[in-house]
Amino acid sequence: MGGGSPMQTVLVAPGVKDRKVLSFSRDALKDKDAVTGLVRSIVADTSSSPAQRSAFHVLDLAKVVDLFWAWRRALPDVRPYYAVKCNPEPALVGALAALGAGFDCASRAEIEAALALGVHPRSIVYANPCKPEPHLEYAAEAGVNLTTYDSVEEVAKVKRCHPKCELLLRLKGPDGGEAKVDLGIKYGAHADEVVPLLRAAQRAGLNVAGISFHVGTGASRMDVYGGAIVAARAAFDAAVALGMPPMRVLDIGGGFTAGATFDEAAAVVNDALAQHFGDLPCVEVIGEPGRYFAETAFTLAARVIGKRTRGEVREYWIDDGLYGSLNCILMDHYVPRPRPLATPGPGEKTHTSTVFGPTCDSLDTVVTGYQLPEMSVGDWLIFDDMGAYTTAAGSKFNGFDTSEIKIYVAYSS
Ligand SMILES: *Cc1c(COP(=O)(O)O)cnc(C)c1O
């Protein structure tokens, strides 16, 4: 980073510097009240005529800066490589690059996007254990020379398409992390596969630079990192026993959530690193956090576009839903707790309400049996913590195109 505050560095970063960046105050206000105020000013602003009349996100870059420094404080020996798939918004990726993060990219397009923001190829891990050949050939051209693997077939493919690439052997994370999304079903070598996979790379003449794992996204039991680090150390020792060059990278993956569980996870990781890698001070430890940086930095405002009253029950339609950024309800077990933008009057009555998304599929239902004050068409609902696995996986089903949902970039101070 250059001189100046981290926020100044972020504001001139590629991906941010050409954007209009709104500033807002969180002085003496709770976080959520502050962002509510910003949403209010956006929907009331007619200077950018016409005023914002459809769903939008707000990205608070100050949150990203705070999270980055919290990571550095809690895990000073672990460089974060942000997992781009979680939310590829260029302002977020650019801000993290300016702060000093590396990147976990899983496809050609993600690598291209990171490089376009000035990220050095050496700061990219191509962290997809199973890669299409054309993507791998692109990585070779681009100079992205570190990738993960967990099968003998992948070794042969890397040898064919990108023989200079170094490998990280991906281990299956331990069971019992109670993750929102368990990735161990699909990825990661089992204990008895470690030696054969190391041998396969050795025979192919590919260098195994280290070990990676992922405990699953949204893990709720933090002790899983301990078990995974023990297994990683065993794999380091297995490589030495096979006469391979000593490994130098330990990639502890993602799975972190901002907040209290992060400190808990960091304590487990630091203890396990001291205990099991303390005698290997030259090993570079990296992580691949996605949710940690993205989740709390984005807020969604969606507009009420329809209403039906059935007795006491209120039914509303909003202009984002399960095929849009709220796909996280299905795909990521997001629990929506929308709150009206308008401040409810003192003692204002609430109604049992249903909120539907805009597409014609009845599955496109955001909440049911949910208490909301009376709202009208044109009112707004706010959804907090909407940055992880949201817009990234939205579709344009029924002509409602997720990529058209505007993202306002802002910073709070
Ligand atoms: C999805 C993914 C991540 C990010 O996971 P989070 O739980 O969002 O931190 C990191 N690494 C790999 C290989 C992934 O597939």
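Annotation: per residue accessible area for the range 62-294 equals 39 Å², rounded to a whole number [probe 1.4 Å, protein chains only]. Centroid-to-centroid, using Cα positions, the range 221-268 and the range 279-326 are 29 Å apart. Which percentage, to the nearest 5, of the DSSP beta bridges contained in the chain is antiparallel? Antiparallel bridges make up about 35 percent of those DSSP assigns within the chain. Amide H contacts under 5 Å for E166: L146, T147, restricted to partners 5 or more places along the chain or on a different chain, H placed in the peptide plane at 1.01 Å from N. Using a/c under 1.5 as the rounded threshold, could you call the chain rounded, prolate or oblate? The axes a ≥ b ≥ c are square roots of the C-alpha gyration tensor eigenvalues, and prolate needs a/b larger than b/c, oblate otherwise. Here the chain falls in the prolate category.
Annotation: K157 carries an accessible surface of approximately 30 Å², with a 1.4 Å probe and no ligand, DNA or RNA atoms counted.
Please build a GNM for the chain, connecting alpha carbons under 10 Å apart, and tell me which residue among E348, E153, E295 fluctuates the most. Highest fluctuation among the options: E348. Each helix, a run of at least 4 DSSP H residues, gives -39500 (n - 2.57); summed and divided by the residues of the chain, these come to -9500 deg cm²/dmol at 222 nm. Largest accessible area first, the listed residues R26, R160 line up as R160, R26 when surface is computed with a 1.4 Å probe on the assembled protein chains. Once you reduce the range 1-71 and the range 349-386 to the center of their Cα atoms, the two points are 25 Å from each other.
Of all DSSP bridge pairs formed entirely within the range 62-294, close to 5 percent run antiparallel. Quick one: grab the alpha carbon gyration tensor of the range 325-413, order the square roots of its eigenvalues as a ≥ b ≥ c, and give me rounded if a/c is under 1.5, else prolate or oblate depending on whether a/b is larger than b/c. The shape class here is oblate. The share of accessible area on the chain that comes from carbon and sulfur is 54 percent, using a 1.4 angstrom probe. Using the reciprocal of the averaged 1/r over all distinct C-alpha pairs, how large is the Kirkwood radius of the range 62-294 in Å? Kirkwood hydrodynamic radius for the range 62-294: 17.5 Å.
In a fully extended conformation the segment linking L280 and A342 would gain 16.7 nm over its present Cα-Cα distance, using 0.36 nm per residue.
GNM on the chain, alpha-carbon springs under 10 angstrom: the most fluctuating residue among A297, A51, A140 is A51. For the range 119-248, a/c is not less than 1.5, where a ≥ b ≥ c are the root eigenvalues of the C-alpha gyration tensor, and a/b does not top b/c. That puts it in the oblate class. Build a GNM of the chain with springs between Cα atoms under 10 Å apart, and of L167, L197, L250 the one that fluctuates most is L197. For the range 179-235, the equivalent ellipsoid derived from the alpha-carbon gyration tensor has semi-axes of 25, 12, 9 Å in decreasing order. In a fully extended conformation the segment linking T309 and V240 would gain 17.8 nm over its present Cα-Cα distance, using 0.36 nm per residue.
The values are calculated or read from the model by the stated rules, or taken from the named source; none is laboratory data. All values reported here derive from a predicted model rather than from experimental measurement. All accessible areas refer to the heavy atoms of the entire protein, side chains included, with ligands and DNA or RNA removed. Shrake-Rupley method; radii C 1.70, N 1.55, O 1.52, S 1.80 Å.
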